[in-house]
Amino acid sequence: MIDFRSDTVTQPTQNMRRAMACAEVGDDVYGDDPSVNRLEAMAAERFGFDSALFTSSGTQANLLALMSHCDRGDEYICGQQAHNYKFEAGGAAVLGSIQPQPLTNQADGSILLSDIEAAIKPDDFHFAKTRLISLENTIGGKVLPQQYLADAQALAFNRRLKIHLDGARIANAAVAQNITISDITQYFDSVSICLSKGLCAPVGSLLLGDEKLIHKARRWRKMLGGGMRQAGVLAAAAQLALDEQVERLSVDHDNAHYLAEQLSQLDEFEVELSEVQTNMVFAKVSDKLVISDIAKQLKDKGILISPGAVLRLVTHADISHDDIQHFISTLKSLL
Ligand SMILES: *Cc1c(COP(=O)(O)O)cnc(C)c1O
């Protein structure tokens, strides 16, 4: 199958499978898993934080961050399109009693700093207490400019707020700008990173923060059922995700560009090429096309897409340049 639905579908590499088979493990709830301990220490150091916590998913890492920064009755500011607002089952509100204050995302994925300023609540018992700003990078495949991150950090500092980054695809943002991941993490009090997307680990994310925050997050993780035992089997693959898979993302980005160019030459699709910055292509589908039928026919030919008025196609390690050529020629034959 050639699967364009998401980079979450990537299979672990042969090196990962070997490392998992031989991983040194212990009970991580006792703090005894050497592979988890090594991963957390390496990630904290490499990305410039006191501490790191290995989590079962990106959703869990974000929830732990929100619940560790905010108390019951507090508020966090985020984008309307933020994953941790829109696609995480309302966890902050349901489990954290934290009120989201979503704001419009601009076309480039940013939230206007003036909108953030205006949404910060005064210290008055009518209002929830604004505690945290949460940004996302990449967002919808787009990279937030470094200067914007610096300005957002300054705003948070001046208004005595904390600032979190949902960095599920932070490695894509770094590679696209030819900078390091720590060049991005430097602007944040906490960052979540997915290892199971473009980086190919089968399972797992990281939360980065200071010692106090990670200490709190560890308690919440236990409460949420995320205390895993011989998790070193997973951490061994996660380690290779960070050591071996980051630079490779540039291939996915090149492939996304190629895919976008090819699609934009077809009358039935409209692609904004300037918005293809990492591994995602968004293509507006012509009204004349019944895309659900096309998706079914593609599936019979071994190609998976998520049908919609706007197609989101994601490139990743298990899709080659040849696969994209094959997809385009198959698609042409169906149109
Ligand atoms: C995928 C994703 C997450 C959540 O990760 P899961 O591991 O799927 O829970 C969080 N934020 C963003 C931006 C994502 O794309």
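The values are calculated or read from the model by the stated rules, or taken from the named source; none is laboratory data. Predicted model, so just to flag it, every value in this text is computed and none were measured. All Cβ positions, even for glycine, are placed from backbone atoms using ideal geometry, and neighbour counts span all protein chains on display. Just the protein is used for accessible areas: all its heavy atoms, side chains included, with ligands, DNA and RNA removed. Shrake-Rupley method; radii C 1.70, N 1.55, O 1.52, S 1.80 Å.
Gln81 satisfies every condition listed in (1) within 15 Å of Ala238 (Cα to Cα); (2) surrounded by fewer than 19 Cβ atoms within 10 Å (Cβ to Cβ) except (1).
Is one or more of the residues making up segment 189-206 in contact with a helix residue (DSSP H, G or I) (Cβ under 8 Å, 6 or more places away or on another chain) and assigned to a helix (DSSP H, G or I)? Give the derivation first.
As a first pass, look at segment 189-206 and keep what is in contact with a helix residue (DSSP H, G or I) (Cβ under 8 Å, 6 or more places away or on another chain): 189-206.
Next cut, assigned to a helix (DSSP H, G or I) only: none.
Checked segment 189-206: no residue is in contact with a helix residue (DSSP H, G or I) (Cβ under 8 Å, 6 or more places away or on another chain) and assigned to a helix (DSSP H, G or I).
Please verify whether segment 263-270 includes one or more residues that are modelled with pLDDT under 95 and polar (S, T, N, Q). Before the answer, list the steps.
Of all residues in segment 263-270, those modelled with pLDDT under 95 come to none.
Within segment 263-270, none of the residues are modelled with pLDDT under 95 and polar (S, T, N, Q).
The residue that is farthest from the ligand (Cβ to nearest atom), among those in segment 153-187 that are in a loop (DSSP other than H, G, I, E, B) and touching a helix residue (DSSP H, G or I) at 6+ places or on another chain (Cβ under 7 Å), is Thr180. Among the residues of segment 317-329, some residue qualifies, meaning at least one is in contact (Cβ under 8 Å) with a residue 40 or more places away in the chain and among the hydroxyl-bearing types (Ser, Thr, Tyr).
Picking from Gln101, Gln60, which residue would you name as being at pLDDT 95 or above and open to solvent by 30 Å² or more (accessible area, probe 1.4 Å)?
On the way: Gln60 fails: open to solvent by 30 Å² or more (accessible area, probe 1.4 Å).
None of the others qualify; the one that does is Gln101.
Just to be sure, is Gln186 open to solvent by 40 Å² or more (accessible area, probe 1.4 Å) and either touching a Ser or Thr at 6+ places or on another chain (Cβ under 9 Å) or among the polar types (S, T, N, Q) (or both)? Judged against the criteria, Gln186 is a match. Lys332 falls short on exactly one of the conditions (1) open to solvent by 40 Å² or more (accessible area, probe 1.4 Å); (2) within 17 Å of Val281 (Cα to Cα), and that condition is (2). Residues in segment 26-57 that are surrounded by fewer than 19 Cβ atoms within 10 Å (Cβ to Cβ) and among the β-branched types (Val, Ile, Thr): 1 in all. Being out of contact with any Leu (no Cβ under 9 Å at 6 or more places or on another chain) and basic (Lys, Arg) is the filter; apply it to segment 121-167 and report the residue that is surrounded by the most Cβ atoms within 10 Å (Cβ to Cβ). The qualifying residue surrounded by the most Cβ atoms within 10 Å (Cβ to Cβ) is Lys142.
In segment 72-126, counting only helices (runs of 4 or more DSSP H) that sit wholly within it, the ones holding 2 or more residues that are within 18 Å of the chain's Cα centre (by Cα) and within 14 Å of the ligand (Cβ to nearest atom) span 83-86, 91-96. Considering (1) aliphatic (A, V, I, L, M); (2) over 24 Å from Ala152 (Cα atoms); (3) in contact with a strand residue (DSSP E or B) (Cβ under 8 Å, 6 or more places away or on another chain); (4) outside any strand (DSSP E or B), the lone condition that Val25 does not fulfil carries the number (3). Right, Asp32: assigned to a loop (DSSP other than H, G, I, E, B) and either within 19 Å of Leu199 (Cα to Cα) or more than 16 Å from the ligand (Cβ to nearest atom) (or both) or not? For Asp32, the condition - assigned to a loop (DSSP other than H, G, I, E, B) and either within 19 Å of Leu199 (Cα to Cα) or more than 16 Å from the ligand (Cβ to nearest atom) (or both) - is met. Taking the conditions (1) within 16 Å of the ligand (Cβ to nearest atom); (2) open to solvent by 50 Å² or more (accessible area, probe 1.4 Å); (3) of a type outside the set (Lys, Arg) in turn, Glu211 satisfies each one other than (1). Checking each residue in segment 244-287 for being hydrophobic (A, V, I, L, M, F, W, C) and more than 26 Å from Pro12 (Cβ to Cβ) picks out Ala260, Leu263, Leu266, Phe269, Val271, Leu273, Val276, Phe282, Ala283, Val285. So which pairs qualify, if the first residue must be in segment 43-63 and on the phi > 0 side of the Ramachandran plot, the second must be open to solvent by less than 10 Å² (accessible area, probe 1.4 Å) and more than 9 Å from the ligand (Cβ to nearest atom), the Cβ gap must be under 7 Å, and the two must be at least 6 apart or on different chains? Short answer, once both residue conditions are applied: Gly48/Thr185. Might you check whether a residue that is open to solvent by 30 Å² or more (accessible area, probe 1.4 Å), within 20 Å of Ser6 (Cβ to Cβ) and of a type in the set (Val, Ile, Thr) occurs anywhere in segment 286-306? So far as segment 286-306 goes, no, none of its residues is open to solvent by 30 Å² or more (accessible area, probe 1.4 Å), within 20 Å of Ser6 (Cβ to Cβ) and of a type in the set (Val, Ile, Thr).
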